[in-house]
1. Which value in nm describes the separation of the simple spin-label points at residue 111 and residue 251, placed 7 Å from the Cα toward the beta carbon?
2. If r is the Cβ-Cβ distance from residue 163 to residue 610 and R0 is 51 Å, what FRET efficiency results, to the nearest 0.05?
3. With every protein chain kept in place and ligands, DNA and RNA left out, what is the accessible area per residue of the range 162-303? Probe 1.4 Å, answer in Å².
4. For the pair residue 192 and residue 407, what calculated FRET efficiency results from E = 1/(1 + (r/R0)^6), where r is the Cβ-Cβ distance and R0 = 30 Å, to the nearest 0.05?
5. Regarding the range 235-374, what whole-number volume in Å³ per residue does the convex hull of its Cα atoms give?
6. Working with all protein chains in place, sort 527, 139 by solvent-accessible area computed with a 1.4 Å probe, largest first.
7. In what sequence, highest mean first, do 55-63, 197-205, 430-438, 93-101 appear when ranked by Cβ atoms within 10 angstrom?
8. So if the hydrodynamic radius of the range 135-174 is defined as the Kirkwood radius over C-alpha pairs, what does Stokes-Einstein give as its diffusion coefficient at 4 °C and 1.567 mPa s, in µm² per second?
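The values are calculated or read from the model by the stated rules, or taken from the named source; none is laboratory data. Quick caveat: nothing in here was measured; it's all calculated off a predicted structure. Backbone-built Cβ (ideal geometry, glycine too); neighbour counts: all protein chains shown. The area values use the complete protein model at the heavy-atom level, side chains included, leaving out ligands, DNA and RNA. Shrake-Rupley method; radii C 1.70, N 1.55, O 1.52, S 1.80 Å.
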Amino acid sequence: MISVENLKVEFGVKPLFSEASFVVNDRDRIALVGKNGAGKSTLLKILCGQQQATSGTVNIPNDTTIGYLPQVMRLADDTTVKEEARKAFSDTTRLKERVERMERELGERTDYESDDYMRLVERFTQEHERYLMLGGEGYEAEMERTLLGLGFLRTDFDRPTSEFSGGWRMRIELAKILLRRPDVLLLDEPTNHLDIESIQWLEQFLAQSASAVVLVSHDRAFINNVTNRTLEISCGQIIDYRVKYNEYVVLRKERREQQLRAYENQQREIQEAREFINRFRYQATKAVQVQQKIRQLEKIVPIEVDEVDNSALHLKFPPCLRSGDYPVICEDVGKAYGEHQVFSDVNFILKRGEKVAFVGKNGEGKSTLVKCIMGEIPFDGKLTIGHNVQIGYFAQNQAQLLDESLTVHQTIDYVARGEIRLRINDILGAFMFGGEESEKKVKVLSGGERSRLAMIRLLLEPVNLLILDEPTNHLDMQSKDVLKEAIRAFDGTAIIVSHDREFLDGLVTKVYEFGGGRVREHLGGIYDWLRGSLPPSPSLKGRGEGHHGSLQKGRENTAMTIDERLAMSNPQSPANATPQQSPSPREGRGGASGGAGGEAYAERKEQQKKVKRAEKAVKACEEKIAQMEARIKEMDALLSKPEHATDMKLIEEYAQTMRQLDEENDRWMQLSEELEALQ
C-alpha cells in the first residue's frame with residue numbers, strides 16, 4: 001500500500017534517520033515509537049505528503065486515500081458539530097444533489113423516446129448505483145454513531161463548534177477523518193484529548209476498520225490493544241519489529257544487550273590496535289603490521305548503542321510531616337455555574353496513605369472538584385482539609401507558573417535538597433532534559449517541555465498530599481514509569497486525575513467516577529472499575545447513558561453518612577463513643593420488642609416488599625436495556641459492512657431501537673431514583 005525506500009531526513013549536521021525502508025500493508029496496525037525528537041511526527045508528515053524527505057522515495061498508489069490527524073491543527077469555528085462532521089461526506093452529498101437533480105429532470109420531461117432522455121436515464125442509473133455503493137442512505141446514522149462514540153451528546157450536534165474547547169474540537173476532526181474511511185490512517189497522539197470510554201471506543205473502531213493504521217502514542221494500553229507491529233526510530237535508523245508493543249519491549253532489551261556486548265568487544269579491539277600502533281610505530285621490523293592496524297582502524301564502523309534506558313531510575317519524594325488520619329473530607333459538596341450543576345451531594349473521605357483516581361468524561365467536574373479542594377473556587381457544602389496537610393498540586397496550567405529567566409537545571413537545583421542534588425542530571429535525563437537540554441532557558445521551552453519540568457519540581461518538594469491533574473499528558477513511556485514508581489513509593493495520600501489506564505493500573509486502590517452530576521465511589525483498581533461499570537457497547541453511549549452497574553455500586557458505597565464512615569474506619573472516634581446519642585444504622589431502624597416494636601416490624605416488612613418490587617422493576621429494565629444494547633451492537637457490525645450499508649429496513653430498525661433505548665434509559669433512571677428513595 002505504501003512503500004518507503006532508502007528514506008533520509010536531516011535538519012542539521014546529524015540526520016534524524018537514514019536508509020530507512022519499510023512497507024505499510026493492508027490491515028497493518030503499526031505503532032511508531034522512539035524518544036521525543038527522534039522524528040516520529042516528521043515521518044507521519046512525510047507519509048501523508050505534507051513534508052519532503054532529504055532523499056529516498058515514498059511510493060503510494062494513486063487510488064490510495066490517506067487520513068492524517070496531527071497533534072495540532074487549525075480548526076473551523078463557523079459551523080455546528082453535525083455540519084462540520086458532515087463535511088467528511090462532501091463527495092457523497094454532492095453526488096446526492098446530482099442524483100436528485102436528474103431525478104427531478106426525469107419527472108419533468110416528457111420526451112420519453114428521445115436518445116437524450118435515454119442517456120439521462122442511463123446517467124441517473126449509474127450515479128444512483130454509485131451513491132448507494134458509497135453508503136449514501138446510511139451516512140447520517142454512521143455520523144451519529146461516531147460522534148456518540150467520541151463522547152458527544154445528541155444535544156451537542158446542533159451547537160456551534162466555537163462553543164467547545166480545543167480538545168473537543170479535535171474530537172470533531174478525528175470523527176471527520178474516521179468517517180472518510182481512508183485506506184491508511186496516520187494518527188499522531190489521537191488519545192491526548194479523549195477520556196477512557198472514548199479511547200476504548202476508538203480501539204474497537206480501529207479493530208473493526210479495514211484501514212491500515214500507523215500511530216504515535218504514549219498510551220501503552222492503547223498501543224497494545226490496537227497495534228500488531230512496531231516501528232522504532234533509534235540511532236538514526238528505523239527498525240521493524242513485527243510484534244505488539246509489549247513483545248517489542250522484550251526484544252528491544254535483548255537487542256540492546258547484544259549491542260552493548262558488540263560495542264564493548266569493538267572498543268577492546270580498537271584499544272588493542274591503538275596500543276600495538278603506539279608500541280611499534282617506530283620499529284622498522286613492525287612497519288607492515290602497524291600499517292595494517294592503521295587501515296583496520298580506518299575501516300571500523302563505530303557501533304551505536306540505543307539511548308540509555310532511564311526507567312530503572314528510582315525517585316523518592318523527600319520526607320515530610322505526617323498528616324492527619326483524614327487529609328480530605330467532603331460533605332454534601334456541590335458546584336454550579338449559573339444554571340449548570342456540575343455535581344452535587346459529593347460525600348467521601350480520603351484516609352492517609354490512600355491513592356485514588358478521579359475518572360469520567362471530559363467536562364464532568366474532575367478538575368472542578370480538585371479546584372474546590374485547593375480552595376481556588378467557591379462551592380456549596382463542607383470540605384475539610386486535615387491536620388498538617390501539605391499539598392503538592394500539579395495543574396494542567398502548572399507550566400505557566402515557572403520562572404522564565406532560569407535554565408532547566410537551575411529550576412530543579414533551587415528545589416533539590418540533600419543527596420538528590422547529586423542526581424539532578426540523571427533525573428533530568430529521565431524526563432528528556434539530558435545533555436544540552438538542561439541548559440535551555442525556561443522561556444524557550446514548549447508547553448509540553450514546561451509541563452515536564454513542573455512535574456520534576458513537584459517530585460522534589462516535601463508534601464504529604466499529592467493532587468495531579470492529567471500528569472502524563474506530555475510524558476513519554478519511560479518518564480511515566482519513573483513518575484509511577486515515585487508515586488507508588490510515596491507514603492502520603494494521592495489524588496490522580498487521568499485517562500491513562502496503564503499508568504493508573506497497580507497505582508490506585510479506589511476510583512471516583514464523575515458523571516451525570518454525581519460522584520460515585522468504587523473500591524478496587526482501574527481495571528476493576530472498567531470491568532464492572534463501562535457499558536457493553538461504548539459506540540452507542542453518550543454522556544450520562546449506561547453505567548447501570550456503577551450507579552448501583554455508587555449507591556452502596558455512599559449510603560452511609562460521613563460520621564458513620566469515620567466511626568467504622570476508626571473505632572476510637574467520637575462517633576463510636578456514645579451509641580445512645582448517635583445510634584448506628586441498625587439501631588436507627590427500630591429493633592425493640594413489644595407493641596411499638598410490632599408496629600415497627602410490620603412497617604419494616606411492608607417497606608421490604610416495596611424495596612423488592614422496586615428492585616425487580618429495575619432489574620427487568622436493566623435486562624431489557626441489555627437486550628437492546630446487544631441488538632444495536634449486532635446492527636452496528638452489520639451496518640459497517642458494505643453489503644448492508646443501504647439496507648433501509650435495518651437502518652429503520654436501528655433508529656427505532658436507539659429511540660427505545662433512550663426511553664428505557666430514562667425509565668431506568670426514574671425507577672432507580674424511586675428505589676434509592678425507598679432504600
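1. Using points 7 Å along Cα→Cβ, the separation is 6.7 nm.
2. 0.70
3. For the range 162-303, the per-residue accessible area is 49 Å².
4. For residue 407 and residue 192, the calculated efficiency is 0.60.
5. On the way: hull volume 34.6 nm³, N = 140.
Considering the Cα atoms of the range 235-374, their hull volume per residue is 247 Å³.
6. 527, 139
7. Working: 55-63: 11.7, 197-205: 21.7, 430-438: 17.9, 93-101: 14.2.
Top to bottom by mean Cβ count within 10 Å: 197-205, 430-438, 93-101, 55-63.
8. Rounded, D is 120 µm²/s.
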